[in-house]
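Just below is one structure, and these are the notes that go with it.
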Amino acid sequence: MNEPVEHNAPLLELKNLHVGIPGRRGSVDIVRDVSFSIMPGEAFGLVGESGSGKSLTALSLIRLLKKPLKVSQGQILFKGDDLQNLTDRAMRQMRGDRIAMIFQEPMTALNPLKTVGRQIAEMFVLHKGMGWAEAGRKAVDALASVHVPAPEERVRAYPHQMSGGMRQRVMIAIALACDPDLLIADEPTTALDVTVQDEVLKLIAELCAARGTAVLLISHDLGVIANMCQRVGVMYSGRLVEERDTYDLFADPRHPYTKGLLGALPRLGTRHGAAGRQRLVDIDSLIKDRDTLLQEFCFEPRNPVRDPRLRAGMAGGVE
Amino acid sequence: MRRFNLNLWLGGVLTLIVIVGAVFAPWLTSLDPVFDANLMYAEEPPSGQFWFGTDEQGRDVYTRVLYGARISLTVGIVSQIINSVIGLSLGISAAYWGGWWDDLVNGLTNVMLAIPSLIFALAIMAILGPGLPSLLIALGLTNWSWTCRIARSSTLSLKGQGYVQAASTLGYSDIRIMWTQLLPNMVGPILVISTLGIGAAVLAEAALSFLGLGIRPPFPSWGAMLTGARELIVIAPWAAVFPGLAIFVTVLGFNLLGDGLRDYLDPHMRTRQQ
Amino acid sequence: MKDNATTAPPLLEIRDLHVHFPVGNKLFARNRRLLRAVSGINLSLGHGECLSIVGESGCGKSTTALAVMGLQEPTSGDILVDGQSIIGDNAPGRMDRARIAQMVFQDPYASLNPRQTVHRSLAAPLRLHGTPNSEIDDRVADILKKVGLLPEHGARFPHEFSGGQRQRIGIARALILGPRILMLDEPVSALDVSVRAQIINLLLDLQEDLSLSFVMISHDLGVVEHMSDRVAVMYFGQIVELGRWDAIFARPTHPYTRKLIATIPDPDTVLHPDRDRRAGKAPEPPAGYRFCPEDIGRPDVYSVPAESALIEIGPGHFVRCATA
């Protein structure tokens, strides 16, 4: 799982993606100039605080942005084709089949009136053209694959009869039913207890590795990202401020914001002795300087030639 | 940006017309609704002089409809205030205290919902006799169950909120918590249900007066006017049409206003950036 | 930590606290069962100490907190403040109780009354407790400054503030009456990482400046390690391990504590896979005992827990065991 295949073309490639609210005088962009790529089978993490634009970036991939938000610029290449050129119908076919999603709250993502077996079976009927009987049998297998105990009985259960962890397993079963190429997981475990979170994350990692599914994991939790992903992108106020291999990023964060974020985290094992706490880093003091920096940077988004000063800042020259 | 709320606007305009008519009745007509009867002009069709025509006693229907609005609105608003006070105190206290009091209030609410409120009001009117005060009491005692339900469910969801618990740990008395922490935070839904309730009360007043149990003639209640016009429906339909129309417009106005307010106050209907 | 037990009674003492809830049908008694949210908690909090109660949802940590706050009637047991019971017949009145303990809530968006200005939220309790009107404005301004806000902020409504600022206001409200104990219920778990750091720093500064005593409820072990003096690990109504923070984190002994610590997503495992907390041999229970509960997979909150006791395995370090 640790060696991304170099010679392959990227599975997903975002090029200068901007997401914003269209207005009379051009779009007011919330996500600005985000570019990254995900190789087949790779796990890529997008980390950031609320409002950083990480979820909007993900939603724009699968065309689930809520009005009035729109992709205002840039390309979203999936296996070389721009997803924006797809018709709505083709996009619906793509969702769930080639690109699957898991959301934070499994209770709202599952239909409370249908059994979980039926909801899994629907994926086979919808995307693989199976009959209901066959799809029903496949649903049992799918539940078994996410380690739900007694899957033959659990297919008949309704979402409210399951615990949060079980529901998230069902979501994973639905998402991976059609062997998608890419799984987008938006804060998949934030609503769960830590021990359940651990199990669910392990399950996602295990299943995706076995099937060669690439993962785009979105989280505010640096620990989750660190344990799951080979590469990480850090987002701040709509921009990708640093994108590195996971080890490099945690070993040697370059962007001041990333440094701040890592310093702000009360990490296990950092306290020594009775009073030996290190004071946590207050990012705000960093941001005041950085905001002006980012701002200059933002006002020329359509200019591909970036300010060299800022480029140095992005690459890690600014302290 | 918020979508144009047709219900709110239409309901607001209709309600405003009725309120203006009621408040400014003496300035909008020179006649008296009761004493300006002139049999010379009985059953005149609508004309430049009598815009809505005249009734069997030669009274101006336009004037009587205007003054009727005063009665309808008074009954609607005052009885709804009584309903709100009863419903809010029962609903909030039941949910906040829980236990046997909650069971009792719940049971009472269910009983009230099971009895058709008009029949209940009829029974009260039969005991108290006709007239404005008994009408207010009858309608004020029979239509609080929805308010109570909403107050109760709002309280149940609010009482787990941090600020309500904090108020309790800060030493606030229960009554003070209900008054300062719970009540202000359920104004929206209560306003909606009360607006709808006014419409229902206007209709109920008309029905009771029509049956002769509400406002007695010669006072110009729309319901009573309908009773009087019943026998003339073929000869002088205007005497029935205009009070009927007034009831229709008022009830429609309050219902639209209520629906519009619900949409307006519902946070889900607003596009809000978290 | 000084040993207060020998000299003076601890600030707060929880003795054999039980909280049970009847669940099931109201009318048919035979369908009723008791949910044992808290079954037999013993804890004490020293002056100026930060005691953390950790555990997953449903373990009873919040119920314990609510019982201390007087928001949940205990089924049995006693809660003492400075050696005086605050439960049952000797319970102090509402007003006295308000000066004993105050709470900082998890969700900063639900913890402030949206219809009251910040000033009103802070001034009303003071007025209620008889502070002269002339002093109220000064006290409110003072507390706002203490939590890192400006006195001008008082005129605003909660929705005009960010989550972190709201949490500061929540802390200000909890401190306004000068309570003996501050109950922190997941004080930072709803906040972003950067804001979280600011609030943690603020709480630690306040603890030092005002010599506050904290009871913190949390499931975030990173925060717990950073802030606590002592840690109690709860598992389905019982304390399974209790000790000083360094003992708990350096020598986690009970299987549940070990599982909890092992499952925290820790960014440092990327850098130091050798220091992985998941590795390492599980310690043996003390001689003659076995850990209790042994099976930490399927808890039963309805039946009476098996006979067990907290056994001291190090100075002030206890683990729940049953005789083998």
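Computed FRET efficiency, Cβ-Cβ of A:SER37 and A:ALA144, R0 35 Å: what is it to the nearest 0.05?
Details: r = 34 Å, r/R0 = 0.97.
The value I calculate is 0.55.
Per the Debye formula with a single identical scatterer at each Cα and no solvent contribution, what log10 I(q)/I(0) holds for the stretch A:26-120 at q = 0.17, 0.20 Å⁻¹?
-0.95, -1.25
Assigning unit charges at the beta carbon (Lys, Arg +1; Asp, Glu -1) and nothing else, what dipole magnitude in debye, to the nearest 20, does chain C show about its Cα centre? Walk me through the intermediate numbers first.
Details: 35 positive and 38 negative charges, 185 e Å.
That gives a dipole near 900 debye.
Checking the table B:LYS159/C:LYS61; A:LYS138/A:LYS202; A:LYS15/A:LYS67; C:LYS61/C:LYS259 against a 29 Å threshold on Cα-Cα, which pairs fail? Write out the running numbers ahead of the final one.
Details: B:LYS159/C:LYS61 20 Å; A:LYS138/A:LYS202 23 Å; A:LYS15/A:LYS67 22 Å; C:LYS61/C:LYS259 18 Å.
Result: no pair exceeds 29 Å.
Taking each pair of distinct Cα atoms in the stretch C:111-178 once, what is the resulting Kirkwood hydrodynamic radius in Å? Intermediate results must be reported in sequence, preceding the final value.
On the way: mean 1/r = 0.0859 Å⁻¹.
Every distinct Cα pair counted, the radius reaches 11.6 Å.
About its Cα centre, what dipole magnitude does the protein assembly as shown give when the only charges are +1 on Lys and Arg Cβ and -1 on Asp and Glu Cβ, stated in debye to the nearest 20?
Values: 89 positive and 92 negative charges, 167 e Å.
Dipole of the protein assembly as shown, to the nearest 20 debye: 800 debye.
When the helix-only estimate is applied to the protein assembly as shown (DSSP H runs of n ≥ 4, each -39,500 (n - 2.57), divided by the residue count), what is the mean residue ellipticity at 222 nm, nearest 500 deg cm²/dmol?
Numbers: 36 runs with 409 residues, N = 917.
It comes out at -13500 deg cm²/dmol, rounded to the nearest 500.
Shape verdict for the stretch A:118-209, please, from the Cα gyration tensor: rounded (a/c under 1.5), prolate (a/b greater than b/c) or oblate. All intermediate terms of the calculation are to be shown ahead of the outcome.
Working: a/c = 2.07, a/b = 1.39, b/c = 1.49.
Since a/c reaches 1.5 but b/c is at least a/b, the shape of the stretch A:118-209 is classed as oblate.
Among B:GLY53, B:ILE77, B:TYR67, whose Cα sits farthest toward the positive end of the charge dipole of the stretch B:42-90 (+1 at Cβ of Lys/Arg, -1 at Cβ of Asp/Glu, about the Cα centre)?
The listed residue farthest towards the positive side: B:ILE77.
Using a 10 angstrom cutoff on alpha carbons, build the Gaussian network for chain C and name the most mobile of C:LYS281, C:LYS145, C:LYS259.
Per the Cα network of chain C with a 10 Å cutoff, C:LYS281 tops the list.
If you put +1 on each Lys and Arg Cβ and -1 on each Asp and Glu Cβ, how big is the dipole of the stretch C:111-178 around its Cα centre, in Debye rounded to 20? Write out the running numbers ahead of the final one.
Details: 10 positive and 6 negative charges, 50 e Å.
For the stretch C:111-178, the charge dipole is close to 240 debye.
Compute a Gaussian network model of chain C, connecting alpha carbons closer than 10 Å, and tell me which residue from C:PRO22, C:PRO125, C:PRO108 fluctuates the most.
Top of the fluctuation ranking is C:PRO22.
Once both labels are modelled 7 Å past Cα along the beta-carbon direction, what's the C:ASN42-B:VAL23 spacing in nm?
So the two model labels end up 7.2 nm from each other.
Kindly state, as a whole number, the per residue volume in cubic angstrom of the convex hull around the alpha carbon atoms of the stretch B:65-114. Before the final figure, lay out each step's value.
Working: hull volume 3.0 nm³, N = 50.
Once divided by residue count, the hull of the stretch B:65-114 is 61 Å³.
Quick query: amide H of C:ILE53 versus all other amide H atoms, modeled in the peptide plane; which residues come in under 5 Å with a sequence gap of 5 or more or a different chain?
C:MET216, C:ILE217, C:SER218, C:ALA232
Could you pull out every one of the aspartates and glutamates with an alpha carbon less than 14 Å from that of C:LYS145, ignoring same-chain neighbours closer than 8 positions?
C:ASP137, C:ASP205, C:ASP209
Mean 1/r over all different Cα pairs, inverted: what Kirkwood radius does chain B give, in Å?
Details: mean 1/r = 0.0489 Å⁻¹.
Over chain B, the inverse of the mean reciprocal pair distance is 20.4 Å.
Of C:PHE161, C:PHE214, C:PHE291, which has the largest mean-square fluctuation in a 10 Å C-alpha GNM of chain C?
Greatest mean-square fluctuation among the candidates belongs to C:PHE161.
Compute the whole-percent fraction of alpha carbon pairs in the stretch B:1-132 spaced more than 23 Å apart. Before the final figure, lay out the partial values.
On the way: 5157 of 8646 pairs.
Counting pairs separated by more than 23 Å, the tail of P(r) holds 60 percent.
Answer with one residue from C:ALA91, A:THR87, C:GLY58: the one whose Cα lies farthest towards the positive end of the charge dipole of the protein assembly as shown, charges on Cβ with Lys, Arg +1 and Asp, Glu -1.
A:THR87
Can you give the Rg and Dmax of the protein assembly as shown based on its C-alpha atoms, in angstrom?
Expressed in Å, the Cα Rg and Dmax of the protein assembly as shown come to 33.6, 115.
Using alpha carbons only, how many angstrom separate the centre of the stretch B:1-58 from the centre of the stretch B:213-229?
16 Å
Could you work out, residue by residue across A:224-231, how many beta carbons of other chains sit within 10 Å of that residue's beta carbon, and then give the average as an integer? Write down the numbers at each step before the final one.
Details: counts 4, 3, 7, 6, 1, 1, 0, 0.
Rounded to a whole number, the mean comes out at 3.
Starting from the Kirkwood Rh over alpha-carbon pairs, what translational D in µm² s⁻¹ does chain C have by Stokes-Einstein at 25 °C and 0.890 mPa s? Display every interim value, and only then the final one.
Values: Rh = 21.2 Å.
The diffusion coefficient I find is 116 µm²/s.
Restricting the count to DSSP beta bridges whose residues both fall in chain C, what percent are antiparallel, rounded to a multiple of 5?
Values: 33 of 51 bridges.
The antiparallel proportion sits near 65 percent.
Farthest toward the dipole's positive end in the protein assembly as shown, which of A:VAL28, C:LEU204, B:LEU28, given Cβ charges of +1 (Lys, Arg) and -1 (Asp, Glu) about the Cα centre?
The Cα lying farthest towards the positive end belongs to B:LEU28.
Read-outs throughout are calculated quantities, based only on the coordinates presented, and are distinct from any laboratory measurement. In this text the structure is predicted, and so the values were computed from the model without any measurement. Every residue, glycine among them, receives a Cβ derived from its backbone with ideal geometry; neighbour counts consider all protein chains shown.
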